[in-house]
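Undergrad: One structure coming up, written as structure tokens, with questions to follow.
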Amino acid sequence: MPSTKRLRFFLLSLFAIFIGVSAGFIYWGVSDLPEIKSLEGYSPMQSSFVYSSDGKILAELYLERRNFILYYDIPDRVKKAFVAIEDQRFYSHPGVDFIGILRAIYRDIKAKGIVEGGSTITQQLAKMLFLKPEKSITRKIKEAIISAQIEKRYTKDEILGMYLNQAYFGTRAYGIEAASNTFFQKSVKELSLSEAALLASMLKAPTLYSPFKNPEKALARRNLVLKNMLQLGFISAEEYLKANAEPLPVKAYFRKYEAPYFVEFLRQQLEAKYGDKIYTSGLRIQSTIDSNMQKIAEDAIKTGIRSIEKRVKPGVQAALIAIDQRNGHIKAMVGGTDFWETQFNRITMALRQPGSAFKPFVYVTAFEQGMTVEDEILDGPISLPAGKPNTMWSPKNYDNKYNGNVSLKTALAMSLNAATVRLAHNIGIEKIIETAKRCGINSTLQPYIAIALGASDVTPLELTNAYATFATGRKIEPVPYLKILKRDGILLEEVFPSSKQVLSPETVDKIRELLRAVVEAGTATKAKELKKVVYGKTGTTNDFSDAWFIGFDDRLVVGVWVGRDDHKPIGRKEAGSRSALPIWIEFMKNVQ
């Protein structure tokens, strides 16, 4: 009897120690459990979107392509597809499916290997959001406890919604909405039964069951989802047969930039300001681009290049920028002939000589010193010290002829080099440079007389924006976006035009008269076909390596540049009036 009591005491002590050790182990294992209430602020990475001013999507920016969708916007057929293959007792278990675990153990033993897991959708969510991907008893205990806590705090549909927004579907698609767009180019709200079943079938192994990599396996597993849905009473036999017969998708839909040169220009600005937030925070960025004008600009560039390359060797590039002169909004930007071939944006990054398109700065400076449009300047031979020591420079007109005394109006309209250089020499290069800077030229300008004929490099963006100053007298900063909204619709930033009056109304009237004369009787008479009042100036470098036309009407200022990236000549006699002006006209005649 005493020995029996001692044995009983020993066993009870051993059991108590076991219980104590187990409890201690469990306590140690779960002592660092995360706060489940943090899910109340659940905010997964989301793609940000760039919109045109007329509401069209231009680009999707992301690290993980994910577009959050509210759980109650996910259709019932989609939810049931996932439940049928991932967790059939989802709506009845408390977060951990003990029946499912026993069934999985039985099937694994019978198969002599791991053929079925016992994790519920809630457990998978807990693992995704809170736990490291390690295989241990501790993690499974944590997973079960977290799952129970999640089930107490949230409804089944809320849990399923978080799970579907977080899950990875392969092909760079995170979350059900992004997956719907990637695989079917539609929202989850529009998915057919067959499409929903395919997405549900992929979660177990996105690569293995990808319809693009393993279509046979993808089809078999999709049909398994449909079969499960039929057996569970989620769908009818007729729905099953119809969905079972539908083909798989054959290609993924990755969103390409619309207005790609502009979007990349904008992306770089926003990344410098907001960092990775622009890829992860679901921002809604309203740009200034007009999608219709952008399309017209792209078509004008294509048409123009086709025409030019009928006359010259291939490899010519062209760029166009359109700015609303009233507020600085960039309405269209084409930085080259093909963004997907070269991402170099010739509007913002190319430093090129503007040729005669720089001449208006000389005439504006003359007007500010009291000269009028009818004042005369000698258009005759002139020799001046060049940039190098002991060298002289003698500029000649395009046709190698001189016209004697001519008015400033005639000198600019006919783009007379000798007259313009003489005028620049009389009024002073430093004053001309100061005028150009005041009007919006930011690039370094070399203080040599040849600058009067555009011998110092500028970008098409700054030159075009400076012409907006000629149009209104106000220097205005180019604006690429209007506002940015957070994912919840709260305003993050709003942009307002910033301008400064830098030219007097009298000076504006005079330079507009000269730029109008260029169209009426000068180097840009082709533009008269527009049948409306426009202003502008051609520009050509001596070796025909750069061709320009910058001009405006009562609303838009538009700049066009044509050239080759290696600075070689475009072709014989490919002046601004022949290469750039037709593109400008094509754009202007089609915009409203």
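The values are calculated or read from the model by the stated rules, or taken from the named source; none is laboratory data. None of these values were measured; they are calculated from a predicted model. Every residue, glycine among them, receives a Cβ derived from its backbone with ideal geometry; neighbour counts consider all protein chains shown.
Undergrad: Report the residue count in region 323-344 for those that are farther than 19 Å from F470 by Cβ and either surrounded by 24 or more Cβ atoms within 10 Å (Cβ to Cβ) or outside the structural domain of I305 (by TED's automatic domain parsing) (or both).
TA: Qualifying residue count for the region: 4.
Undergrad: One residue is enough: does region 33-43 have a residue meeting the conditions at pLDDT below 70, assigned to a loop (DSSP other than H, G, I, E, B) and hydrophobic (A, V, I, L, M, F, W, C)?
TA: Yes, the conditions are met somewhere in region 33-43.
Undergrad: Would you call Y253 aromatic (F, W, Y) and in a helix (DSSP H, G or I)?
TA: no
Undergrad: Something else: Which condition number in (1) more than 30 Å from E574 (Cβ to Cβ); (2) outside any strand (DSSP E or B) is the one that Q286 fails?
TA: (2)
Undergrad: Pick from N442, N426: which is outside any helix (DSSP H, G or I) and of a type outside the set (V, I, T)? If you could, list the steps in order and put the result at the bottom.
TA: Working: N426 fails: outside any helix (DSSP H, G or I).
Answer to the check: N442.
Undergrad: Out of region 514-533, which residues are in contact with a Phe, Trp or Tyr (Cβ under 7 Å, 6 or more places away or on another chain) and either surrounded by fewer than 24 Cβ atoms within 10 Å (Cβ to Cβ) or among the hydroxyl-bearing types (S, T, Y) (or both)?
TA: Matches in region 514-533: R516, V519.
Undergrad: Considering region 377-405 alone, what residues qualify as being of a type in the set (A, V, I, L, M) and assigned to a loop (DSSP other than H, G, I, E, B)?
TA: I382, A386, listed by residue number.
Undergrad: Looking at N465, N442, which one is free of Cβ contacts under 8 Å to residues at least 60 places away in the same chain and within 27 Å of G336 (Cβ to Cβ)?
TA: N442
Undergrad: Just need a number here: residues in region 353-383 that are surrounded by fewer than 19 Cβ atoms within 10 Å (Cβ to Cβ) and either among the hydroxyl-bearing types (S, T, Y) or closer than 16 Å to Y467 by Cβ (or both).
TA: The qualifying residues number 2.
Undergrad: Restricting to region 169-192, give me the number of residues that are out of contact with any helix residue (DSSP H, G or I) (no Cβ under 9 Å at 6 or more places or on another chain) and outside any loop (DSSP other than H, G, I, E, B).
TA: Selection size over region 169-192: 2.
Undergrad: Look at V225 and say whether it is β-branched (V, I, T), out of contact with any His (no Cβ under 7 Å at 6 or more places or on another chain) and over 16 Å from R77 (Cβ atoms).
TA: Details: β-branched (V, I, T): yes; out of contact with any His (no Cβ under 7 Å at 6 or more places or on another chain): yes; over 16 Å from R77 (Cβ atoms): no.
The answer is no for V225.
Undergrad: So, one more: Might you check whether a residue that is at pLDDT 90 or above and closer than 23 Å to V188 by Cβ occurs anywhere in region 137-155?
TA: Yes, there is a match, as at least one residue in region 137-155 is at pLDDT 90 or above and closer than 23 Å to V188 by Cβ.
Undergrad: Between residues in region 76-97 that are surrounded by fewer than 20 Cβ atoms within 10 Å (Cβ to Cβ) and residues that are basic (K, R), which pairs lie under 8 Å by C-beta distance while being six or more apart or on different chains?
TA: Going by the 8 Å Cβ cut-off, the qualifying pairs are Y91/K156.
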